[in-house]
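Just so it is clear, none of the values below were taken in a lab; they were calculated from the coordinates. Everything quoted here is computed from the prediction, not taken from an experiment. So basically every Cβ, Gly included, is an ideal-geometry build from the backbone, and we count neighbours across all protein chains shown.
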Amino acid sequence: MDKIKIGIIGTGYIGSVHARIFSRDERCEVAALYDVKPERAEKTAKLVGGTVCQSREELFDIADAVLVCTPNKTHTEIAASAVAAGKHVFCEKPFSIGLPDAKKLLDIADKSNKVFQVGHNRRYAPVYTKLKEFLSADKAHSAHIKMNRGELKNPVWTGDPNVTGGFLYETTIHLFDMLRFQFGEIAELSAYGSQHEYPELDEFSIIFKFKNGFHCTFASSSDASWIFPFERVEVFCHHRTLLTQEMEHLIDSNGLDANFETFSFGMTEKEERWGYVQEDKAFLDAIINETAPPVTALDGYKSVELVEKVYEAIKSGAKISF
Ligand SMILES: NC(=O)c1ccc[n+]([C@@H]2O[C@H](COP(=O)([O-])OP(=O)(O)OC[C@H]3O[C@@H](n4cnc5c(N)ncnc54)[C@H](O)[C@@H]3O)[C@@H](O)[C@H]2O)c1
């Protein structure tokens, strides 16, 4: 079988991470790279090979599968054009910005007979697959979740809501997707937000209620420090707490005493610890086996819907039902 030809649009931080991972998989080759700053595509090509393209169209002529790794506001248009060119698409998070564009891209992806996968990498991170394994054998009652950043300065565009769509789209959306992955579909939410450091709402407190009765609190700050763990999920079950610390550890405290067992993933390479290796493998598996990818366009759409409902709840001061 011919190798799948991978084309990467946007070869900054995450585009280069994917380029390195795909370059090690024998089932594919990094065949084409395009970036509005050509020197970035050239730098990545030096490491992994591939033609440095002068345009998106040139990349579409070469590639079978296209990765969209550009800043958030460009995703809908670039991903839609890749589908129109008949390509398999891997679209980094966020799937889209705003419900009208998200709906448009969902319709386009649904009509395509090629794979469309969204880059919610944390679903594959060992710490979260282990949590899911525990929760499939136990009943979660409630949870307390945090997803912070230290700043919105690096890359510079992360502090511009006209590019990100808002802080929730850039960072928090990772764990919004995780909510559905671990706990099911959401029934209603209440939210408060405030503005401090950046030209947008940058601090959030949210309460989610799920269709199955589960409920959780969720805090997200864009200007906290980078103190470890900036991302934490604390789940409370029957005489049991399951606690994650970023993608490093899962702590299981089970029973009536204060005992606990720690599962540590700190020695795993970051690309695998964060789930990037597994999501790229899943993309190739879906293309080769002609199956749906583990994170679909509908999952991408639902994460956008959650972001929009939280902003709506803050603006209106009302409880929002789904
Ligand atoms: N899943 C994750 O864990 C994860 C991690 C980081 C970033 N991301 C997402 O990936 C995307 C890129 O983030 P990044 O940190 O790599 O940013 P980055 O700034 O490092 O890289 C983006 C690249 O896209 C290029 N670019 C901009 N507009 C373009 C266009 N229209 N066509 C072609 N190239 C264009 C830029 O020149 C730059 O090289 C963002 O949407 C971000 O949210 C996801």
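Here are the numbers:
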{"item": "Strands (runs of 3 or more DSSP E) (entirely within the stretch 193-283) containing at least 1 residues that are among the small types (Gly, Ala, Ser), touching a residue at least 60 places away in the same chain (Cβ under 8 Å) and buried (at least 17 other Cβ atoms within 10 Å of the Cβ)", "result": "215-221"}
{"item": "Scope the stretch 1-14; condition within 13 Å of the ligand (Cβ to nearest atom) and either surrounded by fewer than 23 Cβ atoms within 10 Å (Cβ to Cβ) or more than 16 Å from Cys91 (Cα to Cα) (or both); matching residues", "result": "Gly12, Tyr13, Ile14"}
{"item": "Filtered residue count, the stretch 175-192, keeping only those that are more than 20 Å from the chain's Cα centre (by Cα) and surrounded by 15 or more Cβ atoms within 10 Å (Cβ to Cβ)", "result": "5"}
{"item": "Any pair with Cβ under 6 angstrom, 6 or more apart, that starts in the stretch 159-185 at a residue that is more than 13 Å from Leu306 (Cβ to Cβ) and ends at one that is among the small types (Gly, Ala, Ser) and away from the ligand (no atom under 11 Å from the Cβ)", "result": "Phe167/Ser222"}
{"item": "When residues of the stretch 57-80 are limited to those that are of a type in the set (Gly, Ala, Ser) and in contact with a helix residue (DSSP H, G or I) (Cβ under 7 Å, 6 or more places away or on another chain), the one nearest to Tyr276 (Cα to Cα)", "result": "Ala65"}
{"item": "Sole residue being within 15 Å of the ligand (Cβ to nearest atom) and within 23 Å of Tyr301 (Cβ to Cβ), chosen from Gly159, Gly193, Gly184, Gly166", "result": "Gly166"}
